[in-house]
Structures are given as C-alpha cells and as structure tokens.
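Asks: Quick one: this structure, given as structure tokens, is what I'll be asking you about.
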C-alpha cells in the first residue's frame, strides 16, 4: 500500500508538468499536423488529406528553402566550430589582459538578435556602411555593393553576421572543455618530444571530441531553427533567396495567411529538428553513462 501511495504521489507531483507539456507542446503539434492536411487560409478551409503533402513536395519553394537551410546551417555551425575552437585555444593560454579579452569575446553572443541584425544592416548599408567604406578605401572594390539586396551575396552576408554572433558560445564550451584536459597528458607528450601541432592532434582533440560533437549538434539545432537575424536583416529577400524554414513559415502564415501550407512546411521543419535532437539526446545519454 505504501508503494502504491508513493507511486500516486509521484505522478501527482509531475502532473502539472505533464499538463503544461500537453498544452504547450503536444496540442500545437497535433493541431499543426491537422492543419497541414488542409488548404486552410484566412477565408476558407478545404481538407486535402495526404494530397496536401503530395502538393507540398511538388512545391518548388520546398527545395529552395531546404537548400538555403542546409547552406545556412552548415556554414554557420562549421565556422562557429572553427572560430570557437581557435579562440578557446588562445584564451586558454596565460597572458596579460586575458580576463578582459574573455569578457569582450562573449559580447556578440549576449547581444539580442534584433540588435545584432540592426547593427549589421548598418554595416552592410550600400551608402553609409563601414564595410563598403573600408573595402573601397583598400582598393578591393571600385563601387559600393548592395550586400543585402543582391541575391548572390545576401544569404552569405547574413551567414557572416550569424557566425560573428554565435561563435562566442562555442568558445565558452570549448574553453571549459580545454580546462578539463588533464595536464599530465601534455606533460607526457612533451617528454615524448611532441610539438604543438602533434599535442593538439593527439591530446587536445581526442580529449575534446565529446564536447565538440555535442556543441556542434546543439549549434546545428539552434541554427537550423534561427529566425530573427535573417528576418530583420533581409525579411527573406531579395526574391525569397534568403528564406529558411522558420522565416518562410512565418511569411506564409502571418503575411499571406496560408495556414495549411505553412503548417506543412512546419511539419517538415519539425522532422529535421527531431532527427538532430534525437542524435543530441543519444550522444548526451552515452556521455552520461546511462546507456
């Protein structure tokens, strides 16, 4: 009887969390899936069933949005990894002003996304922007470029801004990992005559592999579903060349009021995020020794 009461008491304690989870997560997921099976707009609703997904996969915008999302996610996550690891290696060494530099490095990450987007819009401004000014002063360009209005450069301009904003998070994660590498391993490698590069390859990287993998996956998930930077800087333009899943879903739902089509894109987006999340949970479980 005591065990039965403990079992009931345990479920009563977690009941509020279950109710909140159902209201805030499961209910919206179910409703979104049901909407995705229809051609719902602001004025009418027509049930299509699985035909809605056949139409979705024939939609040319799906391939464009998917391509943009992959380019956006891969470039941002990869360069945040490289910059984060490189800056962590520098900040892990002892030098005068290290504490100050650590504080400065983290500033882009703590800056709100909308503020970051507005700052970079000014930097990329074709007439007043600092980027065009310095590139022309150095003789690299002979006329001012419209970075955010040209289809070939707009997405990569926003990617550069996202890398700048996000790499301090990777720096913090890798810096914490570097400080956890046993000094005895470095001492043993020095005795064996290993240089800096060999110590990095055979001591630092193997010791850092779990945290690098976990941070990279987390960055993938976060970047794939990022919204405000692209939306504020370009609004998905020019000619929808910078739209990724979150910005295009918002555009369909709240500007064009095509709720059914937006829900279909949202379901596809959810499935990709679910894959990344399951990989992340799997790796976290293995690291925690819970397997």
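What follows is calculated from the coordinates using simple rules that are stated; it is not laboratory data. Small disclaimer: the values here were computed from a predicted structure and weren't measured. Neighbour counts run over all protein chains shown; Cβ positions are idealised from the backbone, glycine included.
Asks: Which residue fluctuates most in the GNM of the chain (Cα springs below 10 Å): 201, 56, 21?
Replies: Highest fluctuation of the listed residues: 21.
Asks: State the Kirkwood hydrodynamic radius of segment 1-111 in Å, one decimal place, computed from all pairs of distinct Cα atoms.
Replies: Answer for segment 1-111: a Kirkwood hydrodynamic radius of 20.3 Å.
Asks: Between residue 257 and residue 5, what is the spin-label point distance in nm, taking each point 7 Å from the Cα along the Cα→C-beta axis?
Replies: Going by the 7 Å Cα→Cβ label model, 5.9 nm.
Asks: Only Cα pairs within less than 10 Å get springs; with that Gaussian network setup on the chain, which residue of 195, 180, 235 has the largest fluctuation?
Replies: Evaluated over the chain, the most mobile residue of the options is 195.
Asks: Also: Contact order normalised by length for segment 60-287, with contacts defined as Cα pairs under 8 Å and 6 or more residues apart; what percent is it? Present the calculation step by step, with values, prior to reporting the outcome.
Replies: Working: 239 pairs, mean separation 64.9, N = 228.
The normalised contact order for segment 60-287 reaches 28 percent.
Asks: For the pair residue 13/residue 55, report the inter-label distance in nm, with labels modelled 7 Å from Cα in the Cβ direction.
Replies: Those two pseudo-labels are separated by 5.0 nm.
Asks: Taking a ≥ b ≥ c as the square roots of the Cα gyration tensor eigenvalues, with a/c under 1.5 meaning rounded and otherwise prolate when a/b beats b/c, else oblate, which class fits segment 122-166?
Replies: On the way: a/c = 1.99, a/b = 1.52, b/c = 1.31.
Judged from the Cα gyration tensor, segment 122-166 comes out prolate (a/c at least 1.5, a/b above b/c).
Asks: Right, next: Considering only 186, 47, 226, give the residue with the highest GNM mean-square fluctuation for the chain, with springs between Cα atoms whenever their separation is below 10 Å.
Replies: For the chain, modelled as a Gaussian network with Cα springs under 10 Å, the answer is 186.
Asks: Here's something else I'd like to know. Using the alpha-carbon centroid of each, what span in Å lies between segment 140-162 and segment 56-104?
Replies: With segment 140-162 and segment 56-104 each reduced to a Cα centre, they are spaced 18 Å.
Asks: Percent relative contact order of segment 118-186, based on C-alpha pairs within less than 8 angstrom and at least six residues apart?
Replies: Details: 38 pairs, mean separation 12.6, N = 69.
About 18 percent, as a whole number.
Asks: Specify the inter-centroid distance of segment 1-55 and segment 194-226, based on alpha-carbon positions, in whole Å.
Replies: 36
Asks: For segment 49-88, what's the radius of gyration and Dmax over Cα atoms, in angstrom?
Replies: Answer for segment 49-88, Rg first and Dmax second: 16.5, 51 Å.
Asks: Using only the Cα atoms of segment 146-275, build the gyration tensor, take square roots of its eigenvalues as a ≥ b ≥ c, and label the shape rounded, prolate or oblate: rounded if a/c is under 1.5, else prolate if a/b is larger than b/c, else oblate.
Replies: Numbers: a/c = 4.17, a/b = 2.40, b/c = 1.74.
Prolate is the answer for segment 146-275, as a/c is 1.5 or above and a/b outweighs b/c.
Asks: Further, regarding this structure: Rg to Rh for the chain: what is it, with Cα atoms only and Rh by Kirkwood?
Replies: Numbers: Rg = 23.9 Å, Rh = 22.5 Å.
Checking Rg against Rh, the ratio lands at 1.06.
Asks: Could you work out [θ]222 nm for the chain from helices alone, using -39500 (n - 2.57) per DSSP H run of at least four and dividing by all its residues? Round to the nearest 500 deg cm²/dmol.
Replies: On the way: 15 runs with 207 residues, N = 291.
Value at 222 nm, helices only, nearest 500: -23000 deg cm²/dmol.
Asks: Still on this structure: Mind giving me the FRET efficiency for residue 191 and residue 109? R0 is 51 Å, r the Cβ-Cβ distance, nearest 0.05 is fine.
Replies: Numbers: r = 38 Å, r/R0 = 0.75.
The computed FRET efficiency comes out at 0.85.
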